[in-house]
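A.B. asks: Submitted below is the structure of interest, expressed as structure tokens.
Derivation of every value follows stated rules applied to the coordinates shown; laboratory data play no part. Only a predicted model underlies this, so the values are computations on that prediction, with no experimental measurement involved. Every residue, glycine as well, gets a Cβ built from its backbone with ideal geometry; the counts of neighbours run over all protein chains shown.
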Amino acid sequence: MPDATEGLLIAKGTADMYLLPQMANRHGLVAGATGNQGGAVARALLAARGWKVRGITRDPNKPEARELARLGAEMVRADLYDSASLGRALEGAYGAFSVENFWVEGYEGEVRQGRNLANAAKASTKRTAGCSLRSHAQKKSRSLGV
């Protein structure tokens, strides 16, 4: 029986393990790419054979966004509260990974951000969206079906 991880790249982020399929010429969207966790995912995708990264940020000129662009990521302006910008960012994406920002508007804002991206991804991507909720919000999130 084949190993369940066959054909996957295992990338260690700041605190989590990610299994990334090695695909030819796939675009992965990373929301939160300029932060610690999203940045680790973006760099792992950039290192994976066949992945192209599109990172979203509210400010493509900030140093973290410029560094990811230097590494090969396409950085685009988008906001997790702006569905139209998310739809444009997701065009042609194979899938999406998102880190929501609890610290801006608390639990309700974090859930709203995740839902906005999930709805835009459902309409735009070939695969699925993964999201990373803060541990203190996970229990409530599951009860809401997020």
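A.B. asks: Which whole-Hz couplings ³J(HN,Hα) result when phi for each residue of region 86-103 is put into the Karplus expression 6.51 cos²θ - 1.76 cosθ + 1.60, θ = phi - 60°, listed in order with x for Gly and Pro?
C.D. replies: Going residue by residue, I get 5, x, 5, 5, 7, 4, x, 6, 6, x, 9, 10, 9, 10, 7, 10, 4, 6 Hz, with x marking Gly and Pro.
A.B. asks: So what are the ³J(HN,Hα) numbers for region 109-120, from phi and the Karplus equation (6.51, -1.76, 1.60; θ = phi - 60°), rounded to whole Hz, Gly and Pro as x?
C.D. replies: x, 4, 5, 4, 4, x, 5, 4, 5, 4, 5, 5
A.B. asks: Stretch GLU108-ALA84 to full length: gain in nm at 0.36 nm per residue minus the Cα-Cα span?
C.D. replies: Numbers: separation 24, 0.36 × 24 = 8.64 nm, distance 2.05 nm.
Computed gain between GLU108 and ALA84 is 6.6 nm.
A.B. asks: While we're here: Ranked by Cβ crowding within 10 angstrom, fewest neighbours first, how are GLU110, GLU74, GLU64 ordered?
C.D. replies: By the 10 Å Cβ count, ascending: GLU74, GLU64, GLU110.
A.B. asks: Further question: Using amide H atoms built 1.01 Å from N in the peptide plane, name the residues 5+ places from ALA33, or on other chains, whose amide H lies under 5 Å from its own.
C.D. replies: Counting only residues 5 or more places away or on other chains, the set is ILE56.
A.B. asks: Grab the Cα-Cα distance for ASN36 and ASN61, subtract it from 0.36 nm times how many residues apart they are, and report the gain in nm with one decimal. List each step's numbers first, then the result.
C.D. replies: Values: separation 25, 0.36 × 25 = 9.00 nm, distance 1.74 nm.
In short, 7.3 nm is gained.
A.B. asks: Applying the Karplus parametrisation 6.51 cos²θ - 1.76 cosθ + 1.60 with θ = phi - 60° to the phi angles of region 63-70, what ³J(HN,Hα) value in whole Hz is obtained for each residue in order, glycine and proline being reported as x?
C.D. replies: x, 5, 5, 5, 5, 5, 4, 4
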